[in-house]
1. Identify all residues within the range 105-130 that are over 8 Å from the mean Cα position of the chain (by Cα), surrounded by 19 or more Cβ atoms within 10 Å (Cβ to Cβ) and small (G, A, S); write none if there are none.
2. Counting only residues that are more than 17 Å from I140 (Cα to Cα), of a type in the set (G, A, S) and in contact (Cβ under 8 Å) with a residue 12 or more places away in the chain, how many does the range 219-257 have?
3. Give the residues of the range 156-171 that are surrounded by fewer than 18 Cβ atoms within 10 Å (Cβ to Cβ) and either out of contact with any strand residue (DSSP E or B) (no Cβ under 6 Å at 6 or more places or on another chain) or of a type in the set (D, E) (or both), sorted by residue number.
4. Does at least one position in the range 89-102 carry a residue that is in a loop (DSSP other than H, G, I, E, B), among the basic types (K, R) and within 17 Å of the chain's Cα centre (by Cα)?
5. Take the conditions touching a residue at least 40 places away in the same chain (Cβ under 8 Å) and closer than 24 Å to C126 by Cβ and apply them to G51. Does it pass?
6. Spot the failing condition for E74; the list is (1) in contact (Cβ under 8 Å) with a residue 24 or more places away in the chain; (2) within 25 Å of G123 (Cβ to Cβ), and only one is missed.
7. Quick one: in the range 214-256, which of the residues that are surrounded by 15 or more Cβ atoms within 10 Å (Cβ to Cβ) and at pLDDT below 90 is farthest from A180 (Cα to Cα)?
Amino acid sequence: MISEKAFIDPSAKIGKDVEILPFAYIDKDVVIGDGCKIYPYVSLGKGTIIGKNNTIYQNAVLGAIPQDCCFKGEDTILRIGDNNTIRENVVINRAANKGNETFIGNNNYILEGVHISHDAHIGNNCAFGIGSKIGANCYIEDKVILNSSVIGNPGTRVGTCTYIRSGCRFREDIPPYIIAANNPIKYESINYDILTDNDISKQVQLSIGNAYRILFRGNSSLFDSINDIKTQIKDSPEVRKIIEFLTRSNSDNGKGIITKEW
């Protein structure tokens, strides 16, 4: 059902079995995939491309003009995958530069008042708690959970299967498979629950824990910690993932990692 009281630009492309309720605003060049539900007062801005079976609740603004003083009105994109739930008052900006995209993957649960800034990349199966804010050009990998009121500075990265507790703020990268907490944000432990839920063996979990003991409890530089993990920790895909993540954080363009203090 598409309400006659919704505004839909003639250039918008609407898939099959889409429900658009009264007073929704669908701008030009918007694409909505099959099976989506758009609640009242949702605004889908120019260049928003939405996949299948997404549910978008009241007052969400998707494809908003980027909050970037250098933006000159270029045609840019917000691309959203399938099976996402986007709750009330969420704001997601489209990209700031022509040819770029803000990207949201599949099966994400984005709660009330979340703001995802321009050119951010959000993976699959993530959950963002109430009022969390993600800065421009952030890269959030799969299966990340942000509790409420988490703030990520522009350009930072969060590794897969990581959980960030409520109220944390981070300006450095947060590596995969861990729990981060407190302000200033610190490593708390590895994320045993999500690793177990994803069928990561106890032996591999032990290797992950030992890798992070080297990183967070040692007195070595990040560069030396990476080399120690390579030589001292049994190889696995998860350990290689940690090494790759830390290596990028330690590069010239990297943000470093959160504090080593326990």
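The values are calculated or read from the model by the stated rules, or taken from the named source; none is laboratory data. Bear in mind that the values here come from a model prediction, so they are computed numbers and not experimental data. Reconstructed Cβ throughout: ideal geometry from the backbone, glycine too, with neighbour counts over all protein chains shown.
1. G105, G113, S117, G129
2. 2
3. S166, G167, R171 - these are the residues of the range 156-171 that are surrounded by fewer than 18 Cβ atoms within 10 Å (Cβ to Cβ) and either out of contact with any strand residue (DSSP E or B) (no Cβ under 6 Å at 6 or more places or on another chain) or of a type in the set (D, E) (or both).
4. yes
5. yes
6. If we test E74 against (1) in contact (Cβ under 8 Å) with a residue 24 or more places away in the chain; (2) within 25 Å of G123 (Cβ to Cβ), just (2) comes out false.
7. Per the criteria, the residue is G254.
Matching residues to (1) over 24 Å from I122 (Cα atoms); (2) assigned by TED's automatic domain parsing to the domain that holds G123; (3) surrounded by 15 or more Cβ atoms within 10 Å (Cβ to Cβ):
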{"residue": "L21", "(1), (2), (3)": "yes, yes, yes"}
{"residue": "D27", "(1), (2), (3)": "no, yes, yes"}
{"residue": "D34", "(1), (2), (3)": "no, yes, no"}
{"residue": "V90", "(1), (2), (3)": "no, yes, yes"}
{"residue": "F103", "(1), (2), (3)": "no, yes, yes"}
